[in-house]
1. Taking the Cα centre of the range 133-288 as origin and charging only Cβ (+1 Lys, Arg; -1 Asp, Glu), how large is the dipole, in debye to the nearest 20?
2. First measure r as the distance between the Cβ atoms of ASN49 and ALA120, then evaluate 1/(1 + (r/R0)^6) with R0 = 22 Å and state the FRET efficiency to the nearest 0.05.
3. Hey, if you put +1 on the Cβ of every Lys and Arg and -1 on every Asp and Glu Cβ in the range 87-196, which of GLY167, PHE127, GLN179 ends up farthest toward the positive end of that dipole?
4. Given labels modelled 7 Å from the Cα in the Cβ direction, how far is it in nm from SER154 to TYR244?
5. Once fully extended, how much extra length lies between PHE108 and PHE58, figured as 0.36 nm per residue of separation less the alpha-carbon to alpha-carbon distance?
6. With unit charges on the beta carbons (Lys and Arg positive, Asp and Glu negative) and the dipole taken about the Cα centre of the chain, which residue among ILE333, VAL306, ILE52 sits farthest to the positive side?
7. Relative to the present Cα-Cα distance, how much length would full extension add between GLU308 and SER67 at 0.36 nm per residue of separation?
8. Going highest first, how would you order 256-269, 120-133, 62-75, 335-348 by mean Cβ packing within 10 Å?
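Coordinate-derived values only; no laboratory data. These figures come from a predicted structure and were not determined experimentally. For neighbour counting, all protein chains shown are included, and Cβ atoms are generated from backbone atoms with ideal geometry for every residue, glycine included.
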Amino acid sequence: MRFILVPLLFFMYTLLHAQVMPPADMIRDTIPSFDKSVMPEPGMYISSNLSISALTHFRYQMFQDTSALDGFDVRRVRFDVKGEVKEKFAYRVHTELAGTPKLLDVVFTYKPKKYLQINAGQSKVPFSYDSYQSPWKMLEVNRTLLDNALVFRSDDLYGNQNGRDMGLWISGKVDNAEQRTWMEYSVGIYNGAGINRSENDDRKDVGGYLLFKPVKNLQIGLRGYAGSGRALDFPDQITERTRYGGDISWKTKWFLLETEYLMATDTNDSLDLQRSGYYATLTHTIIPNKWSLFLRYDNLDPDMDVVENMQTNISGGMVWFFTYYTRLQLEYIHAMEEGEVLHNDLFSLQVQLAF
């Protein structure tokens, strides 16, 4: 009972104390968008060629599972330094200090043209829409089942690599006659070993995405990845792996709809595994720069050859903005499993302080 009452009471309190603000008072859109041109970028500009961003997430979690302990934690403490050397060279150094300190992104970029940028270093692998969403801009507290299981994160066969790897890739944007970006791409080769790790086999992985924006506020994405790695349960074997899928994002003044599907295949002498996942997220701005709500349907099939093992999360929550990057986030996840019922519902409350 306590597990249900606390989120419900908080939800009722926030609705009763909300104040209505007319659309004319909108300073900027509070819904995170795939079109970064309409969004303010985080960061304190030290000079015209150097910016520093910082992010802290302080979280409270309440578990339905009685074997898990409710409690507070400092989830993220991040610093992100971005700069330019003259006009065509750029760099980024992004670190995580919470838990075990680590380098997240170290990228060097040569950008002779808007449609051609050459990048080298460590960054996110380019085959999932959800994985590419920055914690600075996410409204949800938790990532999707698909992202955690198939994109080198917490539940992946290859361990939690924060969705990142080292490699060399090219990227760019193509504008139409009205100077609006209608296509965006990225393709590269990667070690396949994960974050802050040197190569651990004699092969390279290939990954990329192709994004189309046929009309304003609509994006259609195609993504893929192929290569090999060493799964945690089979460290002495090379596991062949492929990932492919697509995503659609559509935005209006008050709503954002995001959906993605991803298929994964992992094979070695002891393993022949096919997995898939999809989700749909609907976000609604109630009061611009103040309140937003979101609702998500999230599904993962952890083994397509096994019946009645589907995992489904239905989640919803709200966000209270103090500033664009300083906010209070609330999320409730109702978890459903085919077969054995595990009682894995989760209530999360997260404070984000960032600039």
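1. The calculated dipole for the range 133-288 is roughly 820 debye.
2. The formula returns an efficiency of 0.65 here.
3. The residue sitting farthest along the positive end of the dipole is GLN179.
4. It works out to 3.1 nm between the two label points.
5. Gain on stretching PHE108 to PHE58: 14.9 nm.
6. ILE52
7. Full-extension gain reported as 84.3 nm.
8. Per-residue mean Cβ counts within 10 Å order the peptides as 120-133, 256-269, 335-348, 62-75.
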